[in-house]
Amino acid sequence: MVQTNGKLSMELEKAFADDAGVGFEGVTSSDLQIPFLRIIQALSPQLKRSDPAFLEGAQQGDIFNTVTNKFWTADEGVVVLPVYFETKMLEFVPRTQGGGFVGELSSGSREVSAAVRDPDTGMEILESGNELVRSASHYVKIVHENGNYENAIVDMKKTQLKKSRQWLSMMMMKKQNGSTLPSFAHMYRLRSVEDGNDKGSWFTWSISLVGVVESLVAYTEAKELHGSI
């Protein structure tokens, strides 16, 4: 019998454990779509019914997974374990010229060091005329209520960089016997709140501490992801 009362039989559970990973030997990171956690903004395609990316029931400020399309309300938020952090240098065509992602640049490249800030817009401009966007990339484990964990990236750009710095500071304040704890020693809840200036309004991240990682299993999974990165 395959299942008992909706649960896998002991034999099938053992078979799954024995054959863990089988069938994916040829899969590399380039074959996978990277899941991001992002905030739905006023002009996001997730709110446009005619768009293939439309999410039924989603609203401005909700947080969604770009691969699974699961979303969490702005007030509820999503719980994550931060695993790894890096700053990426991204090149974009300016919106006034049609917009679009060009590629990632090395932080130590001549292009990045030669970029200048436009005094009117505040944008960093490359010699090519394209925009340089600094992106704070937080690799995380999503902590689901059913006890499962899922890899994702929270990327914070431009106005969100301040939130990234605050989050990193929160993490690094966690110490034991004077030593800084690993980033995945604590869980955090990511919500969104409305923000803005004289140019308009948008939703931004709101980050709060949940508490110590809930189990050794979660801690170990986070540590393994850190090692793979």
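Observations
- Relative contact order of the chain, taken over Cα pairs closer than 8 Å and 6 or more residues apart, is 19 percent.
- Each principal axis of segment 76-214 carries a Cα extent, and these read 48, 33, 27 Å when sorted largest first.
- Ranked packing of 35-44, 67-76, most packed first, by mean Cβ within 10 Å: 35-44, 67-76
- Straight-line cross-link partners of K199 among the aspartates and glutamates, defined as a Cα under 20 Å from its Cα and at least 8 positions apart when in the same chain: D118, D120, E124, E131.
- Aspartates and glutamates with Cα under 19 Å of K141, excluding same-chain neighbours fewer than 8 positions away: D62, E76, E86, E150, D155, E214, E221, E224
- Relative contact order (%) - segment 172-228, alpha-carbon pairs under 8 angstrom, separation at least six: 30 percent
- In percent, rounded to a whole number, the relative contact order of segment 124-224 is 19, using alpha-carbon pairs under 8 Å and six or more apart.
- Cα lying deepest toward the dipole's positive end in segment 91-191, options S179, L190, G147, charges on Cβ: S179
- Centre-to-centre, using Cα atoms only, segment 99-168 and segment 61-90 are separated by 14 Å.
- The residues of the chain expose, per residue, 63 Å² of accessible area to a 1.4 Å probe.
- Protein-only accessible surface order, largest first, of H226, H144 at 1.4 Å: H226, H144
- In loop segments of segment 81-168 as defined by DSSP, the GluC sites (Glu not before Pro) with at most 14 further C-beta atoms inside 10 Å of their C-beta are E127, E145.
- Taking Cα atoms only, the orientation of helix 216-228 departs from the longest principal axis of the chain by about 50 degrees.
- Nearest 10 degrees, 0 to 90: helix 161-172 Cα axis against the chain principal axis: 40 degrees
- Per residue Cα convex hull volume in Å³ - calculated over segment 106-157: 93 Å³
- For the chain, calculated [θ]222 nm from helices alone, where every DSSP H run of n ≥ 4 adds -39500 (n - 2.57): -5000 deg cm²/dmol
- Percent accessible area from carbon and sulfur atoms, segment 1-152, protein chains only, probe 1.4 Å: 52 percent
The values are calculated or read from the model by the stated rules, or taken from the named source; none is laboratory data. What you are looking at is a predicted structure, and each value in this text was computed from that prediction instead of being measured. Because the Cβ atoms are built from the backbone with ideal geometry, glycine has one as well, and the counts that use them run over all protein chains shown. Surface accessibility is based on the protein's heavy atoms, side chains included, excluding ligands, DNA and RNA. Shrake-Rupley method; radii C 1.70, N 1.55, O 1.52, S 1.80 Å.
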